[in-house]
Amino acid sequence: MKSNILMILLSVSALSCAQEAPKVKQVSKMKPKTELKGVKVVNTDDPVCHMKTAEFLKDTVIYKGKIYGFCSDHCKKEFRKSPAKYALK
Ligand SMILES: [Zn+2]
């Protein structure tokens with residue numbers, strides 16, 4: 001059943017960075033290690049997928065002394081690949 005697992009993984013990663021707001025809000029399944037609600041990030045939108053960080057903040061990266069917020073681990077990874085492309089000027 002290898003292909004089944006692959007399909008699930010693919011659909012999960014495709015959903016993890018949806019452009020639109022997710023229909024089902026995940027509340028407690030994957031709690032971040034640190035509480036991110038009070039964290040001030042420099043970007044109001046996720047620079048990768050443009051979701052609102054105030055509503056969808058899941059992860060942060062500190063780049064050149066600034067805290068950038070992201071909706072998902074996927075977007076964080078994208079940012080890390082080419083931070084210069086996404087970072088605020
Ligand atoms: Zn995102």
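Here are the numbers for the structure shown:
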{"quantity": "Highest to lowest packing among 65-73, 40-48, 77-85, scored as the average C-beta count within 10 Å", "calculated": "65-73, 40-48, 77-85"}
{"quantity": "Shape category assigned to region 34-81 from the gyration tensor of Cα positions, a/c cut at 1.5", "calculated": "rounded"}
{"quantity": "Val39, Val61, reordered so the largest accessible area comes first (probe 1.4 Å)", "calculated": "Val39, Val61"}
{"quantity": "Portion, in percent, of the accessible area of region 34-81 that falls on carbon or sulfur, probe 1.4 Å", "calculated": "51 percent"}
{"quantity": "Karplus-derived HN-Hα couplings along region 73-84 (A = 6.51, B = -1.76, C = 1.60, θ = phi - 60°), whole Hz, x at Gly and Pro", "calculated": "4, 4, 5, 4, 5, 4, 4, 5, 5, 9, x, 5"}
{"quantity": "Largest-first ordering by accessible area, 1.4 Å probe, given options Met7, Met51", "calculated": "Met7, Met51"}
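The values are calculated or read from the model by the stated rules, or taken from the named source; none is laboratory data. Predicted, not measured: the structure shown is a model, and the values here were computed from it. Positions of Cβ are generated from backbone atoms using ideal geometry, with glycine treated the same way; all protein chains shown enter the neighbour counts. Keep in mind that these areas ignore ligands, DNA and RNA; they rest on the heavy atoms of the full protein, side chains included. Shrake-Rupley method; radii C 1.70, N 1.55, O 1.52, S 1.80 Å.
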